[in-house]
1. What's the magnitude of the charge dipole for the range 1-127 around its Cα centre, counting Lys and Arg as +1 and Asp and Glu as -1 at the beta-carbon? Answer in Debye, nearest 20.
2. Tell me the label-point distance for the pair Ala122, Arg220, using the 7 Å Cα-to-Cβ offset, in nm and rounded to one decimal.
3. Could you work out how far helix 169-186 tilts from the main Cα principal axis of the chain, as a 0 to 90 degree angle to the nearest 10?
4. Using 1/(1 + (r/R0)^6) with R0 = 30 angstrom and r between the beta carbons of Glu139 and Arg185, what's the FRET efficiency to the nearest 0.05?
5. What is the sum of charges around Thr164, taking Lys and Arg as +1, Asp and Glu as -1, for the other residues whose C-beta is under 11 Å from the C-beta of Thr164?
6. At a Förster radius of 25 Å, what calculated FRET efficiency corresponds to the Cβ-Cβ distance of Ala201 and Tyr132, to the nearest 0.05?
7. Run the numbers for Arg32 and Gln105: contour at 0.36 nm per residue of separation, minus the present Cα-Cα distance, in nm.
8. Taking 35 Å as R0, compute the FRET efficiency from the Cβ-Cβ separation of Ile237 and Lys156 and round it to 0.05.
Amino acid sequence: MTYCVALNVRDGLVMLADTRTNAGNDNVRTFRKLHVVEQPGERVLALMCAGNLAVSQAVVNLLTDGVETERGRETLRDAPNVLRAAQLVGHAVRQVYQVDGEALQAQNVSFDVSFLLGGQIAGGPVRLFQIYAAGNFIEGGPDMPFLQIGEHKYGKPILDRALTYETPLEDGVKLVLISMDSTLRSNLTVGLPIDLLLVRAGALKVERQRRIGEDDPYFRMIRERWSSALREAYQGIPRPEWS
């Protein structure tokens with residue numbers, strides 16, 4: 001399973017993805033699910049994937065080598081804006097379905113894939129999209145400043161309660177790490193290490209990219225202090241009068 005989360009706040013983007021692809025008793029595997037296209041000063045795009053690994057790899061390879069469209073062969077490095085980049089991801093998803101969909105169906109395997117695409121291209125704003133298995137997509141914005149794919153239910157409550165479009169980028173980092181920690185604690189199919197990416201609006205480059213594992217002191221501090229804060233919060237709430 002997978003958990004990927006992306007914030008699109010006024011200051012820029014925060015994106016976080018786990019790396020676990022299998023979680024059997026004796027078969028734990030990891031694979032990078034965060035892919036970055038960067039031409040400093042011109043564009044920075046980040047793509048995170050969830051679902052069938054073979055399908056998502058095929059889509060990423062198409063986006064790297066070139067997707068055949070009505071305009072010719074296009075890659076994420078050619079897209080004139082982030083909207084076109086999202087359309088290219090949708091094109092790639094549909095092309096992979098045309099090639100593999102029937103064979104997957106014959107094996108009773110669902111065509112299960114989804115993507116988060118965020119970034120900025122010179123001349124345009126920071127944008128964030130979620131692309132579905134049909135190749136269609138939605139966009140996050142001030143009224144919906146975060147998007148998630150994969151095992152999202154455990155990490156959603158903290159974002160619903162605490163995140164707004166005005167949240168500073170650095171506070172957004174704290175929130176996505178808390179969101180990921182909540183998911184890690186409740187679902188063994190999501191696992192470390194995790195990949196973090198920060199993109200500041202207007203910079204047109206990656207501000208920070210970091211792989212976080214069990215030994216990361218800041219993430220360890222987040223986990224310990226959040227658990228302690230939750231215990232103190234519930235203990236501080238008065239007991240019901242009717243008890």
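Computed from the coordinates by the stated procedures, all read-outs in this text should not be read as laboratory data. Predicted, not measured: the structure shown is a model, and the values here were computed from it. Cβ placement follows ideal geometry from the backbone for every residue including glycine, while neighbour counts extend to all protein chains displayed.
1. Magnitude of the dipole: close to 280 debye.
2. 4.3
3. 80
4. 0.45
5. -2
6. About 0.45, to the nearest 0.05.
7. 23.7 nm
8. 0.95
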